[in-house]
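Below is one structure, written out as structure tokens, with a few remarks after it.
Laboratory data are not the source of any read-out in this text; all were calculated from the coordinates shown. As the structure is a computational prediction, the values presented were derived from the model and not from experiment. Ideal geometry is used to build each Cβ from the backbone, glycine not excepted, and the neighbour counts take in all protein chains shown.
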Amino acid sequence: MPTRRLTELPDAAMRLIEKAGGPVVSVGTVNTGRNSAIAARVRAADCTLFVKGLPLDHPRVWTQKREANVGPCVRGIAPELHWHVEEDGWSLLGFEYLEGGHPDFTPGSPDLPAVMATMAQLADVPAPDVELKTMPHRLRTYVDAPADLSWFAGNSLLHTEWNPHNVIMTADGARFVDWGWASIGAAWIDPALWLLCLIAHGHTPGQAESEAAAHPAWELAPAAGLDALARVQNRIWDSIAAESTDNWAKPMRYSAQAWAEYRSAMP
């Protein structure tokens, strides 16, 4: 479920930011994203940071540590992590602030090749020596049979959360943010999850698969594995949308259903 965004930095959080990064000149709230209580552009004397944070008693505060652990493994793919502090009731991450907007995922968008180029770069990153869940573990309660989980096993670092707010289009290419759900699994899973977002932004399932096919690992994706993932995503998004109190999950629910129907109709 989304986390309520604070519109002003609490005093304790401000003290931690200044302790980690020096005196603060100005603060601006960042409105995109759903998972952080604090998301702010913080300007200090010598740099500008993006600071995100959660209270230490938040049920998903573990995502903060996961991002801190993954950060050194994805330099050039994600913003540079400058610091991570956990004190005075807060877990805060201070990242390099990237200038740029979010990508257009509609059909024919010129942003799609740049996103795919960085996704292909991520595919070359080996599984880091940090604690991450595997995709078989994450998906274990949604498969038709336990044997289906073998399709999702692998040794690649995956981002897995591909809504456009998790991508920043910079002058140097696409950069990926919000690594709280990073996982380990088969490399073809990331482009398969990305195509769900493409469907939500107007692609047909066939068009979305054609875009995903530009990923170097796509040709290794077994048809039965794609079929199994489509069924799993249909169940996951149906569950998320049923529990949501607003409409944010409905486009993804539609996308997952459309992809599952497309895969089931294939010869």
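Worth pointing out:
- Where the Cα pairs of the chain fall when distances are cut into 5 Å bins, in %: 1, 6, 12, 16, 18, 17, 13, 8, 5, 2, 1, 0, 0
- Placing a label point 7 Å from the Cα of E87 along the Cα-to-Cβ direction, the residues of the range 11-28 whose backbone N falls under 17 Å of that point are 11-24.
- Binning the C-alpha pair distances of the range 51-92 at 10 Å intervals from 0 yields a P(r) profile of 30, 52, 17, 1 %, listed from the shortest bin outward.
- Scaling the Cα radius of gyration of the range 48-117 by the globular reference 2.2 N^0.38 Å produces a ratio of 1.35.
- Counting every C-alpha pair in the range 111-265, the share spaced more than 23 angstrom apart comes to 33%.
- A cut-off of 5 Å between modelled amide H atoms, ignoring neighbours fewer than 5 places along the same chain, links A44 with V25, L49.
- Note that the range 64-182 shows a convex hull volume over its alpha carbon atoms of 139 Å³ per residue.
- Loop-located GluC sites (Glu not before Pro) in the range 93-199, at most 15 other Cβ atoms within 10 Å (DSSP): E99, E131
- Calculated FRET efficiency for the pair K65/Y262, C-beta based, R₀ 35 Å, to 0.05: 0.40
- Length-normalised contact order for the range 95-198 - Cα pairs under 8 Å, 6+ apart - percent: 36
- Summary value for the range 111-265: 24 percent relative contact order, contacts being C-alpha pairs under 8 angstrom separated by 6+ residues.
- Distance between the range 32-104 and the range 168-201 - C-alpha centres, whole angstrom: 17
- Cα-projected label distance for T245 with S26, points at 7 Å along beta-carbon direction, nm: 3.4
- For the range 11-96, the fraction of alpha-carbon pairs lying more than 23 Å apart is 15 percent, rounded to a whole number.
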